[in-house]
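A.B. asks: Got a structure for you, questions after.
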Amino acid sequence: MSNVPIPEGLKEILLGFTIEVIRNHPRNICDFALQYFAELKNNESKVKGQKVKFNNEAMQIGSEDEDEEFVAPVINRFARRVSVCAESYDPDNEEESREPMVIHFKTDEQRQRLLEACKYIVLFKSLEQDEFFRVLDAMFERPVAAGEHIIEQHEDGDNFYVIQSGIYDVHVMDNGITRLVGTYDNHGSFGELALMYNTPRATTIIARTSGALWCLDRQTFRRIIVKNNAKKRKMYDDFIQTVPLLSSLETYERMKVVDVLVPRQYTDGQQIIAEGESADDFYIVESGQVRITIRRPTQQEGEMYEVEIATCTRGQYFGELALVTNKPRAASAYAVGNVKCLVMDVMAFERLLGPCMEIMKRNIRLWNLEVKIEPVGAVDKCLRSL
Ligand code: 1OR
């Protein structure tokens with residue numbers, strides 16, 4: 001038996017399959033095998049001029065070279081990255097885009113859950129469809145135990161994480177004192193900053209409960225997300241410079257704002273925010289007009305009507321009040337004609353607009369004191385007119 005030649009690649013294929021079985025614990029191994037090998041075959045034929053390579057962690061699609069040997073580097077996906085060379089990112093670097101793509105096999109059920117978990121991830125929103133699918137392909141699932149440290153402040157960044165399930169506390173250590181600054185509750189994502197800006201981890205993230213995370217490796221993150229952000233910066237740079245609220249920010253701070261802004265479009269009459277609802281987004285109008293309205297009681301008991309109290313145009317912002325005061329929306333917003341907004345989620349709002357917070361609070365406060373000032377945003381204006 002020892003003289004029987006082992007076909008090239010067999011070991012790697014079986015090893016890859018075995019690892020996926022152990023990781024996924026399928027109820028029926030035969031069904032799983034059918035699906036696994038069908039997907040493998042599919043990947044092989046899908047990528048013209050490329051072939052599927054294997055390692056014990058992921059399938060990688062590399063460039064065509066029939067004589068090329070199977071590459072099986074041993075990577076531990078869960079091991080923390082210990083050092084980062086100060087790689088700079090050049091979005092036009094063709095070399096970088098020819099690097100092999102990472103693909104982690106997923107069952108249909110996993111893929112469905114992953115799609116669901118990624119639906120509202122801001123960083124994925126401005127990706128083209130094919131880029132988005134490449135990101136999904138590269139993600140892998142990691143079970144998490146309660147008490148586990150997912151990220152350590154000051155370390156280098158290895159992965160970006162999307163939450164599948166579980167509660168995760170965000171701690172910041174400052175002058176030897178550790179503060180709990182936030183909590184992710186079963187949805188959202190974290191770990192993007194170190195990968196985007198080549199900086200050490202900004203916080204420590206600890207799982208409060210058991211759960212699961214989807215991980216995206218640093219290289220794929222940089223090749224797809226950072227590249228996309230570079231495009232976005234080019235696109236929005238001029239506009240962002242004209243937004244009065246952001247004028248107190250340094251250039252690099254404004255760039256970080258652009259990185260997290262997501263474009264959203266609305267058609268005539270469409271409701272953008274609803275009075276009384278909880279708030280998680282902040283809006284800057286890129287084009288078009290937005291009506292801000294509040295509900296007032298009519299003569300009929302229990303009946304309300306909406307009255308317009310302000311309009312917002314290009315460069316103005318709305319939706320900040322509820323985020324600053326941590327209260328439900330004080331007004332509704334509707335598109336007048338076609339409207340384009342740039343939207344930021346509450347976490348990014350708190351993290352990045354700290355320097356602008358005083359301006360926003362001042363506007364709200366000034367209204368409360370009934371001091372007449374030129375409005376910066378719409379909500380302060382509308383509140384003053386109440
Ligand atoms: P990272 O790669 O630096 C830690 O790794 C992650 O924690 C970070 O990316 C963010 O995804 C996430 N400030 C900085 N990072 C935060 C914060 C945060 N919250 C979550 N992360 N602050 C809390 C804002 C509500 C400010 C703390 C002073």
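The values are calculated or read from the model by the stated rules, or taken from the named source; none is laboratory data. This structure is a prediction, so every number in the text was calculated from the model and none was measured. All Cβ positions, even for glycine, are placed from backbone atoms using ideal geometry, and neighbour counts span all protein chains on display. SASA here: full protein model, heavy atoms, side chains in, ligands and nucleic acids out. Shrake-Rupley method; radii C 1.70, N 1.55, O 1.52, S 1.80 Å.
A.B. asks: Could you tell me which numbered condition Asn368 fails, if it satisfies all but one of (1) at pLDDT 80 or above; (2) open to solvent by 50 Å² or more (accessible area, probe 1.4 Å)?
C.D. replies: With respect to (1) at pLDDT 80 or above; (2) open to solvent by 50 Å² or more (accessible area, probe 1.4 Å), Asn368 is out only on (1).
A.B. asks: Condition check: touching a Lys or Arg at 6+ places or on another chain (Cβ under 7 Å), over 18 Å from Glu350 (Cβ atoms) and near the ligand (Cβ under 9 Å from one of its atoms). Does Leu213 satisfy that? Give the derivation first.
C.D. replies: Details: touching a Lys or Arg at 6+ places or on another chain (Cβ under 7 Å): yes; over 18 Å from Glu350 (Cβ atoms): yes; near the ligand (Cβ under 9 Å from one of its atoms): no.
Considered against the rule, which asks whether it is touching a Lys or Arg at 6+ places or on another chain (Cβ under 7 Å), over 18 Å from Glu350 (Cβ atoms) and near the ligand (Cβ under 9 Å from one of its atoms), Leu213 comes out as no.
A.B. asks: How many of the residues in region 171-188 are open to solvent by less than 30 Å² (accessible area, probe 1.4 Å) and either outside any strand (DSSP E or B) or more than 6 Å from the ligand (Cβ to nearest atom) (or both)?
C.D. replies: Summing the residues that are open to solvent by less than 30 Å² (accessible area, probe 1.4 Å) and either outside any strand (DSSP E or B) or more than 6 Å from the ligand (Cβ to nearest atom) (or both) in region 171-188 gives 1.
A.B. asks: Which condition does Ile150 not pass, out of (1) open to solvent by less than 70 Å² (accessible area, probe 1.4 Å); (2) part of a loop (DSSP other than H, G, I, E, B); (3) within 15 Å of the ligand (Cβ to nearest atom), if it passes all the others?
C.D. replies: Among (1) open to solvent by less than 70 Å² (accessible area, probe 1.4 Å); (2) part of a loop (DSSP other than H, G, I, E, B); (3) within 15 Å of the ligand (Cβ to nearest atom), Ile150 violates only (2).
A.B. asks: Which condition number in (1) in a helix (DSSP H, G or I); (2) open to solvent by 50 Å² or more (accessible area, probe 1.4 Å); (3) within 21 Å of Glu350 (Cα to Cα) is the one that Ala194 fails?
C.D. replies: (2)
A.B. asks: What's the number of the only condition in (1) under 15 Å from the mean Cα position of the chain (by Cα); (2) in contact (Cβ under 8 Å) with a residue 24 or more places away in the chain; (3) farther than 23 Å from Val102 by Cβ; (4) within 15 Å of the ligand (Cβ to nearest atom) that Tyr168 fails to meet?
C.D. replies: Result: Tyr168 fails condition (1) only.
A.B. asks: Let me ask something else. Here's a check for you: in region 213-236, which residue that is surrounded by 18 or more Cβ atoms within 10 Å (Cβ to Cβ) and farther than 14 Å from Phe124 by Cα is farthest from the chain's Cα centre (by Cα)?
C.D. replies: Checking each candidate, the answer is Tyr236.
A.B. asks: Can you tell me which residues in region 245-292 are open to solvent by 80 Å² or more (accessible area, probe 1.4 Å) and closer than 18 Å to Leu321 by Cα?
C.D. replies: Gln271, Glu277, Ser278, Asp280
A.B. asks: Quick one: Cys341 ticks every box in (1) in contact with a Pro (Cβ under 8 Å, 6 or more places away or on another chain); (2) not in a strand (DSSP E or B) except a single one, so which number is it?
C.D. replies: (2)
A.B. asks: If you don't mind, another one. May I ask you to list the residues in region 199-210 that are more than 10 Å from the ligand (Cβ to nearest atom) and open to solvent by less than 70 Å² (accessible area, probe 1.4 Å)?
C.D. replies: Ile206, Ala207, Thr209
A.B. asks: Please list, ordered by first then second residue, the pairs with beta carbon atoms under 9 Å, 6 or more apart or interchain, first in region 201-212 and within 12 Å of His154 (Cα to Cα), second basic (Lys, Arg) and within 13 Å of the ligand (Cβ to nearest atom).
C.D. replies: What qualifies is Ala202/Arg351.
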